[in-house]
Amino acid sequence: MATLALLEELGVTVVYPTAQTCCGQPLINTGCTYNLAKAAAHFVDTFCAFDYIVSPSASCAAAVRHHYHKYVPTNTASEHVINHTFELCEFLTDVLKIESLNARFPHKVGLHHGCHGLREFNLASCSERNEAAYSKPVQLLNMVKDLELVKLNRADECCGFGGTFAVDQESVSCAMGRSRVHDHVSNGATVIISTDTSCLMHLEGIMGKQKESIATMHIAQVLRGESL
Amino acid sequence: MTNHAQRASAFIHQSGKSPWHDKALWHVRTNRDKAMATIPEWEQLRETAQQIKAHTASQLDDYLVQFEANCKSNGVHLHWAQTPDDLNKIVLDIARAKGAKHIVKSKSMLTEECHLNEALEGAGLIVTDTDLGERIVQLRQEPPSHIVLPAIHTTKEEIGELFHKHFASEKGNNDPTYLTGIARKALRDDFLGADIGITGVNFAIAETGGIVICTNEGNADLGTALPPVHIACMGIEKLIPAIEHLGVFTRLLARSATGQAITTYTSHFHKPRRGGEMHIVMLDNGRTALLGEPEFRAALSCIRCGACMNTCPVFRHGGGHSYGATIPGPIGSTLGPSQNIKAHQSLPFACTLCGSCTAVCPVNIDLHNQLLTWRNRIAKAGYVPLVKRLTMKLFGITIASPALYGLANCFIKVVAKVPVLYRNLTPWGKQRSMPVAAKKTFKTMYVEREREQLK
Amino acid sequence: MSKAEIIAAIQKNKPPLVPLPAMVDYGITYADTLSQFKESLTSIHALLETYSSVDNFRQTFTKTDQANNAVYWQMDHQANETINMPHDYAHLTHAIYQGCVAVAENGAIFIDFTNEAHRSPFVLAQNLYIIIDQKHIVDNMHQAYGKINHQCSYGVFVSGPSKTADIQQSLVIGAHGVRSLTVILIDN
């Protein structure tokens, strides 16, 4: 709801096509692509009439932009959908090109750059490369009043969700999750935010079973200045 | 047959080493980052290295023939081996011809791939691994857990015990300097008494017939300066065209591996030592097949730096032995299935597709994309477990139909109301609390809002 | 025969030609090459002494040379040719070599063994000395490779004393090779 509200507040006409199901990312990531062509075709049908398709999940947008070309026939509709599917932050910085936000969030925020957004969509520079530092999420967060971004020890380490990995490799997944939580908490964050809901769900789950526990919020909610 | 997940789980829950192992390897990753920051042209170097390797692969036959001709004119014996058995036999034949009894070996993952030590020991020879980390795992009778830091999973207490048992070092003295001194003395005798020195190869130069070996300890240099016979074992993919290309690789290798600007010894061999002889054994073992795979052939560019292992959170938390493969980590998870898809089917799934490995690879191998492609191949080959396959099939059918999708959501809402069922449907709930199902789905809220606006 | 099969497999499987990238010298250069070289030496735990000439160094060294030292001078070729086996150098305390080129970005110095009777002294001795003329220091490895003997029978870039961190990641100087490296810089 925050994504919808945020976009509308910025003057965008937003429609949620109710026929939509799922982008099919789990099928792609598990290698079990049975019926993916049909699911992808349904996605294209559902969304081809719109100028832009925006998702509050970088991994879903990545599935469409980087992988759909393997599973859908090349035509005007599919080309349009593939090239016009955006993750929320990059839509705000690159398409809407917003320069300010009317939002206040007076908290210490730990930003979790989800891996799909970071390394597939180049939402930010990654620590592995020798490149000039930039971050679209940070660019947006800097427009929010009174928000303090904490510095993490491992700026862009994976949270350990990984889709079915979270269940099939439960031990490693949780070990990774605990490591991330500790990084945020020990550096003073009172809330962990991310561009990906699945990362947040996983970290929330970890914290639900341990003493070290702080809030989690999607970046869209923070950009609207919603309360903690 | 255990798989990666089971072994990693044991490492995390039983060995107690996981946080320590993770911290140690992250430290190595950090050192790599610091070294990278001193080289403004780092990304350019990576691209150049990638192109050199890709070019060499596209003309590998010509370069191998050129390499052989140059080795011959240098007085070096070159042997071709298609399988590990072929390689082991070639080495054994040389050893027998020389009446050799004792062999010293510097680090060579290729010889691990061939299980050369077992083959030689089976024939009555004594083989001493001379890289300190390799010597430690050799005495512990286990394989290395990392291709550059073979004993990264062992503590100094464990090594102290080990050396007390094998070298009569002081019981309870676990000081690394003391223990290294113990090993130095013992291995020195091995170097001086050996009949043959076996090494690996970091780079082979087609234009000159030379090979390059990089170490920090100097064990490859001792192992080749002293024994009268040097046998170098290499994969055919180690070839690069010319000496000048070494500038690129020697600037990338150590920085990527440990964060050092260069290894202590970067040794170039063109001829045997005076009074000695030199052999090079080149191995195929599936490399020519991999060359024919457009989606995977980039893996042949690997310069065995280990950076992908140091950055991979699955490797750091789960340990190198969890992979059950000669080469572990991200690169091992694509090489392994290419050699034996059945044995290594769990490896491409031991990954969250975070992409950190691809970003650190000095030769720009698209590691995480290869692992994703492997998942598809493994699923098509029928190796994905039945439950997962059926679940995904059901999922695929459901999301292609809005009606079925709606039904599925209702079903999940019902299940979420029965905590016992919800928690135990998957292993999610073992160490995590269950996600709280929203009271209303987004779709419901949206439809309600639309209705309100119409009024 | 393995060779024929391997070559045939490659010819069948190899990808279309990928062009070889041009090797331009784009490697890092330093405003003060000597200063960077000295910094690199410190980080690799190498020691540094400066002399105005090789003779000066040899005189100074010989004066301090103790009776229980066994010293190898690479430059004494005739004497070295009389030694039978590389193992005969097992009791060396010092080995002294002439470097060909030194590299500022990593502190490495290249030793060419092509004309040496034996390869063992530099790695069997307890302490290594490498003499290098200041004018033979280059900025980076691309330049260094342009200056060394491409066909050396055996040549080594030596960057510091031997070391290992295999025991719980603790750095120990003096693994199997030398325990110390001293660079003798000639700055005439």
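Okay, residues lined up against (1) out of contact with any helix residue (DSSP H, G or I) (no Cβ under 8 Å at 6 or more places or on another chain); (2) part of a loop (DSSP other than H, G, I, E, B); (3) on the phi > 0 side of the Ramachandran plot:
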position: B:Asp22; (1), (2), (3): no, no, no
position: B:Trp26; (1), (2), (3): no, no, no
position: B:Arg32; (1), (2), (3): no, no, no
position: B:Thr48; (1), (2), (3): no, no, no
position: B:Thr56; (1), (2), (3): no, no, no
position: B:Trp80; (1), (2), (3): no, no, no
position: B:Ile94; (1), (2), (3): yes, no, no
position: B:Gly99; (1), (2), (3): yes, yes, yes
position: B:Lys107; (1), (2), (3): no, yes, no
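When segment B:9-68 is filtered for residues that are β-branched (Val, Ile, Thr) and surrounded by fewer than 18 Cβ atoms within 10 Å (Cβ to Cβ), the ones remaining, listed by number, are B:Thr30, B:Thr38, B:Val65. Listed conditions (1) within 16 Å of the chain's Cα centre (by Cα); (2) within 14 Å of another protein chain (Cβ to nearest Cβ); (3) in contact (Cβ under 8 Å) with a residue 24 or more places away in the chain are all met by A:Arg180, apart from (1).
Residues B:Ile231, B:Ile198, B:Ile159: which one is facing another protein chain (nearest Cβ under 9 Å), under 25 Å from the mean Cα position of the chain (by Cα) and over 30 Å from B:Ile39 (Cβ atoms)? Walk me through it before giving the result.
Working: B:Ile231 fails: facing another protein chain (nearest Cβ under 9 Å); B:Ile198 fails: facing another protein chain (nearest Cβ under 9 Å).
Every option except B:Ile159 fails the conditions.
Would it be correct to say that B:Thr263 is polar (S, T, N, Q), outside any helix (DSSP H, G or I) and at pLDDT 95 or above? So B:Thr263 fits the description; yes.
Looking at segment C:26-42, can you tell me whether even one residue there is hydroxyl-bearing (Ser, Thr, Tyr), touching a strand residue (DSSP E or B) at 6+ places or on another chain (Cβ under 9 Å) and more than 10 Å from every other protein chain (Cβ to nearest Cβ)? I'd like the intermediate steps shown before the answer.
The initial filter retains those residues of segment C:26-42 that are hydroxyl-bearing (Ser, Thr, Tyr), namely C:26, C:29-30, C:33, C:35, C:40, C:42.
Now drop any that are not touching a strand residue (DSSP E or B) at 6+ places or on another chain (Cβ under 9 Å), which leaves C:33, C:40, C:42.
Okay, now just the ones that are also more than 10 Å from every other protein chain (Cβ to nearest Cβ), so C:33, C:42.
Taking every residue of segment C:26-42 in turn, at least one turns out to be hydroxyl-bearing (Ser, Thr, Tyr), touching a strand residue (DSSP E or B) at 6+ places or on another chain (Cβ under 9 Å) and more than 10 Å from every other protein chain (Cβ to nearest Cβ).
Once segment B:161-175 is narrowed to residues that are among the hydrophobic types (A, V, I, L, M, F, W, C) and part of a helix (DSSP H, G or I), the residue that is nearest to B:Ile126 (Cα to Cα) is B:Phe167.
Would you call C:Phe157 surrounded by 18 or more Cβ atoms within 10 Å (Cβ to Cβ) and more than 8 Å from every other protein chain (Cβ to nearest Cβ)? In short, no.
Would you mind listing the helices (runs of 4 or more DSSP H) fully within segment A:27-140 where at least 1 residues are closer than 30 Å to A:Val181 by Cβ? It would help to see each step written out before you state the result.
Values: elements: A:36-47, A:58-62, A:76-83.
Ranges flagged: A:58-62.
Go through segment B:1-55 residue by residue and tally those that are of a type in the set (Phe, Trp, Tyr) and more than 21 Å from the chain's Cα centre (by Cα). So the answer is 1.
Residue-wise test of (1) more than 23 Å from B:Asp33 (Cβ to Cβ); (2) under 18 Å from the mean Cα position of the chain (by Cα).
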position: A:Glu157; (1), (2): no, yes
position: A:Gly160; (1), (2): no, yes
position: A:Ala175; (1), (2): no, no
position: A:Gly208; (1), (2): yes, no
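Is at least one residue of segment A:87-103 surrounded by 15 or more Cβ atoms within 10 Å (Cβ to Cβ), hydroxyl-bearing (Ser, Thr, Tyr) and away from every other protein chain (no Cβ under 14 Å)? The answer is yes, given that some residue of segment A:87-103 is surrounded by 15 or more Cβ atoms within 10 Å (Cβ to Cβ), hydroxyl-bearing (Ser, Thr, Tyr) and away from every other protein chain (no Cβ under 14 Å).
Got a sec? Which of B:His245, B:His279 is over 22 Å from the mean Cα position of the chain (by Cα), in contact (Cβ under 8 Å) with a residue 40 or more places away in the chain and within 9 Å of chain C (Cβ to nearest Cβ)? Just one listed residue meets the conditions, B:His245.
Rundown of residues vs (1) farther than 24 Å from C:Gly160 by Cα; (2) in contact with a Leu (Cβ under 8 Å, 6 or more places away or on another chain); (3) part of a loop (DSSP other than H, G, I, E, B), yes/no style:
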site	(1), (2), (3)
B:His153	yes, no, yes
B:Ile159	yes, yes, no
B:Thr177	no, no, no
B:Gly181	no, no, no
B:Ala186	no, no, no
B:Asp189	no, no, no
B:Ile213	no, no, no
B:Leu222	no, yes, no
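Condition check: aliphatic (A, V, I, L, M) and surrounded by fewer than 17 Cβ atoms within 10 Å (Cβ to Cβ). Does B:Val418 satisfy that?
Values: aliphatic (A, V, I, L, M): yes; surrounded by fewer than 17 Cβ atoms within 10 Å (Cβ to Cβ): yes.
Against the criterion (aliphatic (A, V, I, L, M) and surrounded by fewer than 17 Cβ atoms within 10 Å (Cβ to Cβ)), B:Val418 qualifies.
Checked against the criterion of being touching a Leu at 6+ places or on another chain (Cβ under 9 Å), more than 10 Å from chain B (Cβ to nearest Cβ), assigned to a loop (DSSP other than H, G, I, E, B) and more than 14 Å from C:Gly177 (Cβ to Cβ), segment C:115-122 has no qualifying residue.
If C:Tyr26 satisfies all but one of (1) part of a loop (DSSP other than H, G, I, E, B); (2) under 18 Å from the mean Cα position of the chain (by Cα), what's the number of the condition it fails? Result: C:Tyr26 passes all but (2).
Run down B:Ile378, B:Ile397 and say which single residue is in a helix (DSSP H, G or I), more than 30 Å from B:His13 (Cβ to Cβ) and among the β-branched types (Val, Ile, Thr). Outline the logic, then answer.
Values: B:Ile378 fails: more than 30 Å from B:His13 (Cβ to Cβ).
Exactly one of B:Ile378, B:Ile397 is in a helix (DSSP H, G or I), more than 30 Å from B:His13 (Cβ to Cβ) and among the β-branched types (Val, Ile, Thr), namely B:Ile397.
Quick grid of which residues meet (1) exposed (fewer than 12 other Cβ atoms within 10 Å of the Cβ); (2) under 30 Å from B:Pro294 (Cβ atoms); (3) under 21 Å from the mean Cα position of the chain (by Cα):
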position	(1), (2), (3)
C:Leu20	no, yes, no
C:Thr50	no, no, yes
C:Phe57	no, no, yes
C:Gln66	yes, no, no
C:Ala70	no, no, yes
C:Ala95	no, no, yes
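Here B:Thr326 clears all of (1) among the β-branched types (Val, Ile, Thr); (2) within 12 Å of the chain's Cα centre (by Cα); (3) surrounded by 23 or more Cβ atoms within 10 Å (Cβ to Cβ) except the condition numbered (3).
Does segment B:361-375 contain any residue that is over 28 Å from B:Gly306 (Cβ atoms), among the polar types (S, T, N, Q) and in a helix (DSSP H, G or I)? No: segment B:361-375 contains no residue that is over 28 Å from B:Gly306 (Cβ atoms), among the polar types (S, T, N, Q) and in a helix (DSSP H, G or I).
Just one of A:Met143, A:Met217 is more than 14 Å from chain B (Cβ to nearest Cβ) and either surrounded by fewer than 16 Cβ atoms within 10 Å (Cβ to Cβ) or part of a loop (DSSP other than H, G, I, E, B) (or both); which is it? Explain how you work it out, then say what you get.
Numbers: A:Met217 fails: either surrounded by fewer than 16 Cβ atoms within 10 Å (Cβ to Cβ) or part of a loop (DSSP other than H, G, I, E, B) (or both).
None of the other options fit; the residue is A:Met143.
Would segment C:11-20 turn up any residue that is in a helix (DSSP H, G or I), at the interface with another protein chain (Cβ under 9 Å from one of its Cβ atoms), in contact with a Ser or Thr (Cβ under 7 Å, 6 or more places away or on another chain) and not aromatic (Phe, Trp, Tyr)? Yes, there is a match, as at least one residue in segment C:11-20 is in a helix (DSSP H, G or I), at the interface with another protein chain (Cβ under 9 Å from one of its Cβ atoms), in contact with a Ser or Thr (Cβ under 7 Å, 6 or more places away or on another chain) and not aromatic (Phe, Trp, Tyr).
What number of residues within segment A:4-24 satisfy the criterion of being buried (at least 19 other Cβ atoms within 10 Å of the Cβ) and facing another protein chain (nearest Cβ under 10 Å)?
Step one: list which residues in segment A:4-24 are buried (at least 19 other Cβ atoms within 10 Å of the Cβ), which gives A:4, A:6-7, A:21-24.
If we keep only those that are facing another protein chain (nearest Cβ under 10 Å) as well, we get A:4, A:21-24.
So the answer is 5.
Scanning segment B:63-112 for residues that are under 28 Å from B:Gln339 (Cα atoms) and of a type in the set (S, T, N, Q) yields B:Gln66, B:Gln82, B:Thr83, B:Asn88, B:Ser106, B:Ser108, B:Thr111.
State which residue is modelled with the lowest pLDDT when the search covers only segment A:183-203 and only residues that are within 13 Å of another protein chain (Cβ to nearest Cβ) and crowded, with 22+ Cβ neighbours inside 10 Å. Steps first, please.
Step one: list which residues in segment A:183-203 are within 13 Å of another protein chain (Cβ to nearest Cβ), which gives A:183, A:196-203.
From what is left, the residues that are crowded, with 22+ Cβ neighbours inside 10 Å are A:196, A:199-200, A:202-203.
Working: A:Asp196: 90, A:Cys199: 94, A:Leu200: 94, A:His202: 95, A:Leu203: 96.
It comes out as A:Asp196.
Take the conditions (1) out of contact with any Asp or Glu (no Cβ under 6 Å at 6 or more places or on another chain); (2) within 14 Å of chain B (Cβ to nearest Cβ); (3) over 23 Å from B:Lys23 (Cβ atoms); (4) not in a helix (DSSP H, G or I); A:Cys158 misses just one of them, which is (3).
The values are calculated or read from the model by the stated rules, or taken from the named source; none is laboratory data. Please read these numbers as outputs of a predicted model, since none were measured by experiment. Positions of Cβ are backbone-derived with ideal geometry, glycine not excepted, and every protein chain shown enters the neighbour counts.
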